[in-house]
Each structure stands twice: as structure tokens, then as C-alpha cells.
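Down below is the structure, laid out as C-alpha cells.
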Amino acid sequence: MRIVVFALITIWLSSTACSKDSEGKNTQSDVPDSTLRGPIQKPTSGYGAEGSYKVAEIAFTNPEYTDTQVSIFYPQGITSPRATIFFSHPFGGEDKKYNIELFKFIAKKGYVVVFVPYRTVDTGKEHRYQTLWEGFVKAATDYPAIIDTQKVGFMGHSFGGGASIDLAYKAFTEKNWGTKGRFLFIMAPWYSFNWDSERTTQQQLLNFPANTQMITQVYDEDIINDHRMAIDIYKNIRIEESEKDFIYFRSSTIAGYTYTTDHVMPSSRKAFDALDYYGVYRLLDAMMDYSFNHSPAGKKIALGNGSLAQITMPSYHGQTMAPLEVTDSPVAKYPQSKYQFPCSRTTNPRVNYCE
């Protein structure tokens, strides 16, 4: 496990602009540039457009990682608790700045998001899961005037994507969170484990509550996590096909700018561009509206089953970004040898479910 972690750290460092000062502290180059890149601008209306709320933040000491803080981003001035997203970051994404634009977007739309850092170099996956869990629970317990646990979403990328499955199941079944709305938003997931549970991952997948919705995203140029991990979870989880979609992203070049769908796409680590706003934020916005507010319009975008409204990406001077590919029967497009972490690796507890 330690070898795997160090490999992922190397991958993370190669995708970010990191430098240290003479004392070994992070310098400004560690902070991702959140300036919008590329010719296509943010949407000005509809799903994906920025909300009208100002963003407030509360931070408290991380229960399992005391050198860091858990952050709660929420709409400033709210007088009642709001539906909440619990976000699990990838390896190396301990700094909230790497996804700060996402957190701000959620809060501006009138929702809450909880960010919990976990140690990248740790004793093992169990403690990373525990760190996320304890941080989420403390946030919900200590701030009931902000967080509405009756309406929740679990969102994660890479390690966080795989972890979100177990954490969501635990929250839904043991804490009874999400009785009025619950969803999963999984991006380029790594291996999925079960933690602190007598059930296997397969038993968990087959027993998800009936009112759960799900979006799974994979990225064409990802060479880190085998898409088969995402396909396995998507096919085996007990969620009706009408309530889940598997979404495949392809890269585009518009006016000389390349919108790259690699492993670190859904963040501000490399380039903050139209893929973030139209590919991630727009679909998340619609999913929150559908899951929490039962909006038919939200479902057409978030879970449109390949509708034009869902798959169409923006244009610039007659050039259109590659449409999203949406399916309920995903199939891997590339051999496992393409990926740093293939599904068939023995580290994967679900190796027997690989395509």
C-alpha cells in the first residue's frame, strides 16, 4: 500500500506547480491559478451559472488530522440549514485551494459543502476513510443550523471517488442521512474499499437506499485510474438506470486551446476552464436541483440519459466542444495496460468484478 501511495504522490506532484522556499515551506507557486482559461467563458444563465449568494466559511480542527482544518463553505446570511455536499479529495489534494472554485460555486448556489483533508502519507486507507468520516460527522453534529443532513450528496475524485461509495453508504444507512434527497457524484475513481463494516463492498452496492441518484464521470486522457473501476461500481450499484448516468468526456481543441480530459481535470490544479463549468459544475448544479428540490428540469441535465440538453457542450465562433457520451451500459475503451492503476491489480478488493 505504501508503494501505491508514493506512486500517486509522484503523479500529483507532476501535475502541479510546486516549489519550496529555503525553509521547505510551500510558496505561492503551490497555489493553483483559478483564472478561467481558454476562449469559452462561464455560462451566464441556467445550470452552471454562478449563484447570487456570497460565500462564508467556518473552519475547525480536523479530528483525525490535527495539523489541518475542516472547512465548511456555505451561503452567507442563511437562516436555516441547507442541503450539503460532502467532498472527498484525491491523493495530494489536502489544500482546499485546489478545489476552491468548486466549493465557492456550491455555496453561491445556496448549498453547503464540507471539505476534510486527510493525510496523503498515512498508515493506510482505513485511516484516510476514518479521517473523512470523522470530519464529516463532526461538521454535521456541530453545525446543525448550517447543514441539513436530510438532503446530502457525496462527491469525490480519484481516491475520494472510491471512498465516497463507502462513506455515503455508511451515512445513508447508519446515520439515516439523505431521507429527503441523496446522491453520489463520482469522478475518475480509484479502488473502492469498505471500512469499519461487516459487509463486503458488493453487499453495500446491492443495498443502497432506493432514493439514491448517481453520476459517474471518466476522462478520456486519464492514464492513472483504469475506467473499469468506475464501470464496476456503476454496473453493480443498486440504483435504477433512470436515476444514474455514466458520462465519458473527450478532449477538444477550440481556437487553438486544448480542453484536456486527463486525470486531474475536475479541479483547479492544471487549468480552470469550460470543462469545469460545463462538464462538472453544470451537471452538479442540475443534480442538486433534482435530488434536493425534485426539479424535472434538473433531471434533464443531470440524468438526461443522453438528451441533447445533457450532452451538448458550448461553442466558440462555430467550433463546438466534443459532446458528452452518456450511457447506462459502459464498456472500457482502452486496455488495462494504459493505466497506472489497472482494475486487475491485486490491491483492488473488487478485482473479481473487473470487466
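The values are calculated or read from the model by the stated rules, or taken from the named source; none is laboratory data. The shown structure was predicted, so the numbers you read here are calculated from the model rather than taken from an experiment. Using ideal geometry, Cβ is built from the backbone for each residue, glycine included, and neighbour counts are taken over all protein chains shown.
Annotations for the structure displayed:
- Segment 334-346 - residue that is within 22 Å of the chain's Cα centre (by Cα) and part of a loop (DSSP other than H, G, I, E, B) and, of those, surrounded by the most Cβ atoms within 10 Å (Cβ to Cβ): 343
- Some residue of segment 87-96 being touching a Ser or Thr at 6+ places or on another chain (Cβ under 6 Å), polar (S, T, N, Q) and within 16 Å of residue 276 (Cβ to Cβ): no
- Residue count for segment 178-235, restricted to those that are buried (at least 22 other Cβ atoms within 10 Å of the Cβ) and of a type in the set (Phe, Trp, Tyr): 6
- Checked against the criterion of being charged (D, E, K, R) and surrounded by 21 or more Cβ atoms within 10 Å (Cβ to Cβ), segment 103-116 has at least one qualifying residue.
- Test for residue 163: is it buried (at least 24 other Cβ atoms within 10 Å of the Cβ), touching an Asp or Glu at 6+ places or on another chain (Cβ under 9 Å) and in contact (Cβ under 8 Å) with a residue 24 or more places away in the chain: no
- Contact map, segment 135-146: residues that are touching a residue at least 24 places away in the same chain (Cβ under 8 Å) paired with residues that are part of a loop (DSSP other than H, G, I, E, B) and of a type in the set (Lys, Arg), Cβ distance under 9 Å, separation 6+ or inter-chain. Pairs shown: 137/175; 140/175.
- Matching strands (runs of 3 or more DSSP E) fully within segment 229-316 where at least 3 residues are within 29 Å of residue 351 (Cα to Cα) and among the polar types (S, T, N, Q): none
- With respect to the conditions (1) of a type in the set (S, T, N, Q); (2) more than 27 Å from residue 200 (Cβ to Cβ); (3) out of contact with any Leu (no Cβ under 9 Å at 6 or more places or on another chain), residue 312 lacks only one, and its number is (3).
- Residues considered: 83, 107. Of these, the only one that is under 19 Å from the mean Cα position of the chain (by Cα), of a type outside the set (Lys, Arg) and assigned to a helix (DSSP H, G or I) is 107.
- Failed item, numbered, when residue 99 is tested on (1) within 26 Å of residue 48 (Cβ to Cβ); (2) modelled with pLDDT of 95 or more: (2)
- The single condition from (1) of a type in the set (Gly, Ala, Ser); (2) in contact with a strand residue (DSSP E or B) (Cβ under 8 Å, 6 or more places away or on another chain); (3) more than 27 Å from residue 272 (Cβ to Cβ) that residue 163 fails is (3).
- Matching option when the condition is under 30 Å from residue 341 (Cβ atoms), in a strand (DSSP E or B) and not acidic (Asp, Glu), among 121, 114: 114
- Within segment 58-96, the residues that satisfy the criterion of being crowded, with 21+ Cβ neighbours inside 10 Å and of a type in the set (Gly, Ala, Ser) are 71, 83, 88, 92, 93.
- Tabulated pairs, segment 63-91, first acidic (Asp, Glu), second modelled with pLDDT of 95 or more and crowded, with 21+ Cβ neighbours inside 10 Å, C-beta under 6 angstrom, 6+ apart or interchain: 64/131
- Any hit, segment 334-348, residues being in contact with a Lys or Arg (Cβ under 8 Å, 6 or more places away or on another chain), farther than 30 Å from residue 39 by Cβ and among the β-branched types (Val, Ile, Thr): no
- Residue 150, sole failed condition from (1) assigned to a strand (DSSP E or B); (2) of a type outside the set (A, V, I, L, M, F, W, C); (3) within 13 Å of the chain's Cα centre (by Cα): (3)
- For segment 86-104, a tally of residues being in a loop (DSSP other than H, G, I, E, B) and over 19 Å from residue 154 (Cβ atoms) returns 2.
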